[in-house]
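Asker: What follows is a single structure, and I will ask about it in a moment.
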Amino acid sequence: MWASSTPSIIFVDDDRQLLNSLRDRLRCLRSGWDMRFHDNARDAMADLENSAGAVLVTDWMMPGIDGLSLCKHFTATAHNRQSDAPHYYVILMTGRQGIENIEKALDSGADDFIAKPFDTRELIARIRVGIRTCRLENDLRTANIHLVKQASTDPLTGLLNRRRALEILTTELDRSLRGMQSVAVAMADIDYFKKVNDSLGHEAGDRVLKVAAQRLQAVARRYDAVVRWGGEEFLLICPHAGEDEIRSIAERMRASISANPIETQPGNAPLTITVSIGTTVVAAGEKVTADATVASADRALYAAKDAGRDTVR
Ligand SMILES: [Mg+2]
């Protein structure tokens with residue numbers, strides 16, 4: 001992410017005289033820009049690696065690493081990076097003339113090209129396009145991160161949703177199949193939840209769900225996944241847990257839900273709720289699907305309901 005809304009602008013040219021005069025002219029015309037100047041590609045690369053995206057204005061012909069290699073380096077790494085990686089916009093400047101050179105520059109990954117000698121105002125205009133592009137990329141990335149989070153979260157409780165839970169469970173079961181760990185799952189269901197909605201209304205029901213979610217989250221271990229499976233059902237995925245661990249985690253959950261009454265609405269008496277919980281364990285090396293694991297926890301949950309509720313099976 002950007003530290004500020006304007007990306008850094010990094011200049012590279014082995015011609016120090018040109019670099020100095022560019023620095024003077026640009027600092028005079030664009031004092032608000034965060035500009036840095038390097039006389040070799042290696043220093044520029046180190047600078048760029050540490051920056052949260054930038055507009056790079058680079059010379060083509062330089063001893064050592066030239067401008068084209070610099071372009072290729074950044075476009076290649078950009079493609080290998082994750083979608084939240086910073087964006088670089090590259091303007092290649094050169095004294096080389098001719099269509100074939102422009103073609104070569106753009107094909108090597110440059111976003112734009114400016115022929116030496118140039119007017120500083122033209123360079124500024126081209127840099128502004130780069131800034132605009134970097135900002136757009138940044139907005140897109142922010143929106144994308146938000147969408148990914150939205151797609152995996154339950155909006156009411158903020159817990160993970162069923163879709164994300166199945167991905168996590170599948171990954172954990174894969175690990176388990178390779179014999180590295182056991183995986184335990186607990187399915188919790190709020191007892192007589194329909195009565196809350198029917199007698200106190202949906203707002204009170206939502207409040208109960210939110211508080212229950214917070215209590216379950218507080219009891220889970222840091223590396224457990226706490227999920228709103230649907231309605232008043234919550235799923236807990238516990239890597240590296242065996243029978244004893246999942247029983248004790250589920251027991252702590254059951255106790256934490258009924259420990260304190262929940263304030264649903266002003267004027268209403270606080271409500272004590274309970275949960276029934278079914279647990280299941282997949283041993284290391286065992287081949288079971290995510291659906292079958294959830295079904296097994298579900299069967300244990302029904303046994304807990306049959307045993308009188310507010311209990312763990
Ligand atoms: Mg040069």
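Derivation of every value follows stated rules applied to the coordinates shown; laboratory data play no part. Just so it is clear, the model here is predicted, and its values are computed rather than measured. Cβ placement follows ideal geometry from the backbone for every residue including glycine, while neighbour counts extend to all protein chains displayed.
Asker: What is the residue count in segment 215-237 for residues that are free of Cβ contacts under 8 Å to residues at least 40 places away in the same chain and in contact with a Ser or Thr (Cβ under 8 Å, 6 or more places away or on another chain)?
Answerer: Quick first cut of segment 215-237, residues free of Cβ contacts under 8 Å to residues at least 40 places away in the same chain only: 218-224, 231.
If we keep only those that are in contact with a Ser or Thr (Cβ under 8 Å, 6 or more places away or on another chain) too, we end up with 218-219.
Of the residues in that region, 2 qualify.
Asker: Is it fair to say D47 is under 23 Å from T94 (Cβ atoms) and among the acidic types (D, E)?
Answerer: Yes, satisfied.
Asker: Restricting segment 192-219 to residues that are surrounded by fewer than 19 Cβ atoms within 10 Å (Cβ to Cβ) and of a type in the set (G, A, S), which is nearest to L156 (Cα to Cα)?
Answerer: Here the residue is A204.
Asker: Filter segment 86-103 down to the residues that are within 16 Å of the ligand (Cβ to nearest atom) and either outside any strand (DSSP E or B) or over 12 Å from G67 (Cα atoms) (or both) and list them by number. Before you say what the answer is, go through the steps one by one.
Answerer: Filtering segment 86-103 down to residues within 16 Å of the ligand (Cβ to nearest atom) leaves 90-97, 101.
The answer is G95, R96, Q97, N101.
Asker: Among the residues of segment 202-224, is there at least one that is of a type in the set (F, W, Y) and under 26 Å from the mean Cα position of the chain (by Cα)?
Answerer: First, the residues of segment 202-224 that are of a type in the set (F, W, Y): 223.
Then drop every residue that is not under 26 Å from the mean Cα position of the chain (by Cα), which leaves 223.
Yes, the conditions are met somewhere in segment 202-224.
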